[in-house]
Amino acid sequence: MRNYIILVTLFIGIFANAQKQEVQKSIEIFFEGFHQKDTTKIKSVCSDKMILQSISESTVKGNKLSDENAGKFYKSIATIPSSMKFHEKILSYNIQVNGTMSHVWAPYEFYLNDKLSHSGVNAFTLFKEKDTWKIIYLIDTRRK
């Protein structure tokens, strides 16, 4: 009986870790597409109904919540000039999974032409659609 409990516990742990790895892979694909300016790749892990929001934090201007249309987001990525070098460095992933929903908390640093532009945290909510984790909601904070 004791061995059975150990095996079940081990199996649950392995399954939970596999789910988290699948979720993280969707986020990694999102950022691969972002850095490559490949909107097709980004869309492959995003829901058609994805909601995008940003919180700009400023002691001078105050904090501001803004919404972004997914279509405009994709267009802005596709039209980034080739002369502009950018990289969003994810510092860590905190992933929670419950059935077909997951949440990812991912602090980041954003570099523009090799200089730190801003930092913050990305908060993703994903939905498991068939065999793919799709981003349904993305909100981020931005501070200088």
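The values are calculated or read from the model by the stated rules, or taken from the named source; none is laboratory data. Fair warning: this is a prediction, and the values are worked out from it, not measured in the lab. Note: ideal-geometry Cβ built from the backbone for every residue, glycine included; neighbour counts use all protein chains shown. With ligands, DNA and RNA removed, areas are computed over all heavy atoms of the protein, side chains included. Shrake-Rupley method; radii C 1.70, N 1.55, O 1.52, S 1.80 Å.
Go through LYS20/LYS144; LYS89/LYS134; LYS25/LYS64; LYS61/LYS134; LYS64/LYS115; LYS43/LYS85 and tell me which ones have a Cα-Cα distance over 26 Å in this structure.
From the list (LYS20/LYS144; LYS89/LYS134; LYS25/LYS64; LYS61/LYS134; LYS64/LYS115; LYS43/LYS85), the Cα-Cα distance tops 26 Å for LYS20/LYS144; LYS25/LYS64; LYS61/LYS134.
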For the chain, the accessible surface attributable to carbon and sulfur atoms (probe 1.4 angstrom, ligands and nucleic acids excluded) amounts in percent to 56
Heavy atoms of MET84: accessible area, 1.4 Å probe, square angstrom to 10:
80
How much length, in nm to one decimal, is gained on full extension between LYS72 and LYS130, taken as 0.36 nm per residue of separation minus their Cα-Cα distance?
18.2 nm
What translational diffusion coefficient, in µm²/s and rounded to a whole number, does the Stokes-Einstein relation yield for the chain at 25 °C and a viscosity of 0.890 mPa s, taking the hydrodynamic radius as the Kirkwood radius over Cα pairs?
147
Helix-only CD estimate at 222 nm, as mean residue ellipticity for the chain, using -39500 (n - 2.57) per DSSP H run (n ≥ 4):
-11500 deg cm²/dmol
With every protein chain kept in place and a 1.4 Å probe, region 18-144 has an accessible area per residue in Å² of 61
Among PHE127, PHE30, PHE86: highest mean-square fluctuation, GNM of the chain, C-alpha pairs under 10 Å:
PHE86
Take LYS85 and ASN98, extend 7 Å from each Cα along the Cα→Cβ direction, and tell me the distance between the two endpoints in nm.
4.4
Once you list every other residue whose beta carbon is under 12 Å from the beta carbon of THR100, what net charge do they have if Lys and Arg are +1 and Asp and Glu are -1?
0
Give me, ordered by chain and number, the residues 5 or more places off LYS85 or on other chains with an amide H under 5 Å from its own placed amide H.
ASN113
Probe 1.4 Å - accessible area at HIS35, Å² to nearest ten
60
Mind grabbing the accessible area of ASP131 for me, 1.4 Å probe, Å², rounded to tens?
140
Hey, what angle do you get for helix 2-36 against the long axis of the chain, alpha-carbon based, 0 to 90 degrees rounded to 10?
20
Could I have the simple spin-label model distance between HIS35 and SER47, label points 7 Å from Cα toward Cβ, reported in nm to one decimal?
2.7
